[in-house]
Amino acid sequence: MKTASLPVLSEPAARPALQVNPFLHVGEDRIYNPLTDRTLLRGEPGYETLQGVLSGALALDRLPPADRAQLSSLGMLMPGDAEPARAFRLKYVSLEAHTVCNQSCYFCPVSIAPREDYFMPTGLYERIVGEIAAYQDTIEAVFMINYNEPTADKRFVDQVRTIKAAGLPPAVLTNGSGLTPDRVDALLAMGGLRFLSINLSTLDRERYRRDRGGDHLPLVLRNLDYLRDKPLAEVMDMAVLGTGDDVHKRDFEEISRRFAGSRFDVKYYEVMDRAGYLQIGHRPASRERRLCGCENVGSRPLQHLHITPQGQCVLCCEDYDGKYVVGDLTRESVAEVLTGPAMALMRRWAYGLEKAPDDFLCYGCTFALTRPA
């Protein structure tokens with residue numbers, strides 16, 4: 001009787017002992033690792049070796065043990081069995097407690113698609129802050145804003161108190177209309193903020209009203225004159241946004257003169273199109289490009305967590321419509337969202353490890369790191 005022979009099965013391919021970190025930001029003279037917040041500069045030990053590996057000129061498995069150990073200590077190389085897309089370094093949190101904004105600035109999506117009023121329940125807010133506190137060793141700021149005006153919430157001072165009580169650094173970006181003397185005094189009494197940025201685009205009252213949809217300039221200036229010399233935050237900025245024309249430059253000069261000698265560092269910014277949402281400002285020359293990362297105040301997929309008032313987590317601050325949801329904090333924990341499959345997929349898309357859909361947000365963003373298609 002003839003018996004059939006069994007097929008010979010080959011041994012499964014062994015995972016390499018090491019792999020190159022796929023999330024490295026490679027510049028002309030530096031390589032940045034967003035997972036460790038470390039930068040390797042040209043001329044430093046390991047730089048040329050790592051560049052050789054990245055270019056294919058050097059084989060990773062042929063590197064001397066000392067080189068492998070040094071690059072591994074910087075996180076530039078990772079264990080072969082690691083899942084890089086599940087890794088992160090949480091530096092910034094945007095915790096939006098409500099959807100309300102009392103202005104409709106031309107450079108903001110609120111001007112063309114205002115949201116219905118919604119306030120996050122206080123219990124959910126406090127639970128989220130408590131969970132975020134687990135990452136306080138790496139967090140540099142908890143921003144109380146995405147597209148809202150944080151001071152429009154009557155709970156604003158209490159929310160700052162909640163963030164500080166958790167050992168976290170509160171950061172406030174505001175138009176200044178609700179930053180009243182009483183609130184300033186209350187914040188000073190509890191030790192102030194880590195970061196404060198005032199969005200003030202002009203001293204011309206009529207243009208302010210037209211560009212921002214609210215006649216708040218006299219109120220804003222009264223509030224700012226009260227706090228201009230007070231240590232309300234470790235860092236106090238004033239952002240002058242515009243289109244880069246002569247009017248914008250003149251506004252910047254006038255605001256700089258008015259607040260000269262104050263604690264405010266007045267800064268000039270040109271508006272952008274919010275990843276294609278608006279038809280103004282800076283935008284990419286083309287969507288036809290290969291994604292390889294993000295540099296929007298660090299890496300949004302790897303270093304940020306964006307939380308909407310409804311408790312949903314979205315990929316990025318530019319995702320105004322909440323299309324790219326990576327988690328739901330009404331059903332999941334912060335840790336589950338940060339290490340979950342939805343966030344991992346967005347990281348792979350944003351860094352070009354997998355081909356993203358053609359309409360993916362990052363293709364239209366000025367902050368995306370890209371290579372020619």
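The values are calculated or read from the model by the stated rules, or taken from the named source; none is laboratory data. A quick note: this is a predicted structure, and the numbers were derived from the prediction, not measured. Here the Cβ positions follow ideal geometry from the backbone for every residue, glycine too, while neighbour counts run over all protein chains shown.
Give the residues of the stretch 240-271 that are touching a residue at least 60 places away in the same chain (Cβ under 8 Å) and either surrounded by fewer than 18 Cβ atoms within 10 Å (Cβ to Cβ) or over 30 Å from D359 (Cβ atoms) (or both), sorted by residue number. F264 - this is the single residue of the stretch 240-271 that is touching a residue at least 60 places away in the same chain (Cβ under 8 Å) and either surrounded by fewer than 18 Cβ atoms within 10 Å (Cβ to Cβ) or over 30 Å from D359 (Cβ atoms) (or both). Inclusion of S286 among residues that are more than 26 Å from L232 (Cβ to Cβ) and polar (S, T, N, Q) is warranted. Residues in the stretch 136-167 that are under 24 Å from T339 (Cα atoms) and touching a Phe, Trp or Tyr at 6+ places or on another chain (Cβ under 9 Å) were compared, and the one that is modelled with the lowest pLDDT is N146.
Screening V157 with (1) in contact with a helix residue (DSSP H, G or I) (Cβ under 9 Å, 6 or more places away or on another chain); (2) surrounded by fewer than 20 Cβ atoms within 10 Å (Cβ to Cβ); (3) closer than 23 Å to T330 by Cβ; (4) of a type in the set (A, V, I, L, M) gives one miss only, at (3). Looking only at residues of the stretch 206-221 that are touching a Phe, Trp or Tyr at 6+ places or on another chain (Cβ under 9 Å) and either in a helix (DSSP H, G or I) or in contact (Cβ under 8 Å) with a residue 40 or more places away in the chain (or both), we find that the one that is surrounded by the most Cβ atoms within 10 Å (Cβ to Cβ) is R212.
The residues of the stretch 242-276 that are assigned to a strand (DSSP E or B) and touching a helix residue (DSSP H, G or I) at 6+ places or on another chain (Cβ under 8 Å), listed by number, are G242, V266, Y268, E270.
Confirm whether L200 is within 19 Å of E270 (Cα to Cα) and in contact with a Leu (Cβ under 9 Å, 6 or more places away or on another chain). Answer is yes for this residue. Quickly run through the stretch 261-311 and pick out the residues that are of a type in the set (D, E) and over 17 Å from the mean Cα position of the chain (by Cα). Once the filter is applied, which keeps residues that are of a type in the set (D, E) and over 17 Å from the mean Cα position of the chain (by Cα), the stretch 261-311 yields D265, E270, E288.
When L95, L90, L77, L71 are screened for being within 19 Å of the chain's Cα centre (by Cα) and surrounded by 21 or more Cβ atoms within 10 Å (Cβ to Cβ), only L95 passes.
Among the residues of the stretch 225-239, those that are out of contact with any Gly (no Cβ under 8 Å at 6 or more places or on another chain) and in contact (Cβ under 8 Å) with a residue 12 or more places away in the chain comprise Y226, L227, R228, D229, K230, V235, M236, D237, M238, A239.
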